[in-house]
Structure formats: C-alpha cells, structure tokens
C-alpha cells in the first residue's frame, strides 16, 4: 500500500530527530507514513541488533506504516549510481507523495555535516528523479513523487517553511528516547555544563516554533518554488506574534 510521506534517515535515529513530530502529526490526520534508514548505525554505540530493536520501538511510538533499513554502511554512504537505484526502487515500491531527506548542503564534519547526512540528501534527491524514468534499471513501476523537502536546516540558513508540532512533542521526544544506546550511553560521560541531546532537540523545536508563533515546530527547505493557489492560505493559520 502506498504511503503519503516517506522520510529517509542516515542512521536509525536521524529521521526521528528531524521529522518525527511532523510524522506524528500527519499520522494523526490519517496519513500513511514511513521511514527508510540508510544504515544500521553500526559505527555508533550499541550493536546493529540493539539499534534495530530501538528503531522498532521508535517506529511503534511514531505509528509508522513502514520502516526499513537499506544497510549501506555507517560512515560509508556514497552517492553512487548503484545507491541511487536502490533508493529509487524503494520510492517506486512505496510510491510516496512527499519525500523528506536531510539537506545536502551541510558544513562537512561532525554533527549535521556527518558524511552520511549530506550524502543521504544527495542520493535521495537524485533517486527522486531517477524513480520516474521508465528506462532506469530500478525495480517496480516508475513513480514521480510530488515533492521532496529537506530537513536538518543548517545554522544561519532560512527554512522555506516551518510546521507546527506543538501537540505532538511528548510522543516525538519519547520516540527519540527509544535510542538509548546513542543518547543514554553509560560509557559516554557528558560534562555537566553541556545539555543532553534531548534538550538540544527540543530547544531547536522551540526556536522554530517561536518563529511562527507556536510552542514547537520543525523546519524544512524546498529547493524549488512552492505552488500556492491562494496567498491568503499562507496566513489563515498564522499565530499572532507575542
């Protein structure tokens, strides 16, 4: 059965962090949702088996219709034609209307600029196009998703749009908490002056929420113009500024 929105994450916790609140909101509205993990996160803390179980627990909380792992190799994700074909085949199989992926123009390095993050954005953006080409050597019937949007907006970059997730924050954070091997690892002491990653994720959501006059939100970049039939629709639900 086709899904309405399909999110791609480099590692088993990334889609939760970047778009988990939006997936919960859309599921609450009757949409079909899914996550495709590009890797099992085998270079991180915990074994691939542990991370798989954590991903399953998070998928249950997010009420996903689909969750799969392509197992392309943690820290070894590359934008090759072979990987584009694999992702395009996934797109054809699940036939989403909208695709979400990490933004590909990130500062290279640790954190947002992890190799797998921006390479995932590159692969998925290219596969988004490849999936609709009838002659492409992909499994399944050609499919053209209506749009692709990018999450993990880098600092200093203005998003194209921001989605209110205020009513879904607790479940969103609970899904992130499922990844205990990454965020509650006993062998990874955290200096007292540093916030826990969970706090940082919520802070970002509060920051984006403040931009649109709500408590929490998640931000996205569109690299092509958005079609708007009626400009007033853009302001009908705008919250008053504090």
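Read the figures in this text as sums done on the coordinates, not as results from a lab. Since we're looking at a predicted model, the values are computed, not measured. Note that each Cβ is placed from the backbone with ideal geometry, even for glycine, and that neighbours are counted across all protein chains shown.
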Computed label-point distance, nm, for sites residue 177 and residue 199 using a 7 Å Cα→Cβ extension:
1.6
Quickly rank 1-11, 168-178 as a protection proxy: mean count of other C-beta atoms within 10 Å, highest first.
1-11, 168-178
How would you order 154-162, 43-51 from highest to lowest mean count of nearby Cβ atoms within 10 Å?
43-51, 154-162
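Order these peptides, 61-70, 116-125, 98-107, by their mean beta-carbon neighbour count within 10 angstrom, highest first.
Those peptides, ordered most packed to least, come out 116-125, 98-107, 61-70.
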Have a look at the DSSP beta bridges in the chain and tell me what percent are antiparallel, nearest 5.
25
Which distance in Å, rounded to a whole number, links the C-alpha centroids of the range 146-162 and the range 1-78?
19
Computed on Cα atoms, the radius of gyration and Dmax of the chain in angstrom are 17.5, 56
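When each pair of different Cα atoms in the range 12-121 is counted once in the 1/r mean, what is the Kirkwood radius in angstroms, to one decimal? Mind dumping the intermediate values first?
Working: mean 1/r = 0.0686 Å⁻¹.
Result for the range 12-121, one decimal place: 14.6 Å.
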In nm, the gap between the two label points placed 7 Å beyond Cα toward Cβ at residue 97 and residue 160 is 1.7
Provide the three semi-axes, in whole Å and in decreasing order, of the ellipsoid equivalent to the range 116-189 as defined by the square roots of 5 times the Cα gyration tensor eigenvalues.
32, 18, 15
At 0.36 nm per residue, minus the direct Cα-Cα distance, what do residue 144 and residue 233 gain on full extension? Give it in nm, one decimal, please.
29.5 nm
Suppose each label sits 7 Å from its Cα in the direction of the beta carbon; what would the residue 105-residue 133 distance come out to in nanometres?
2.3
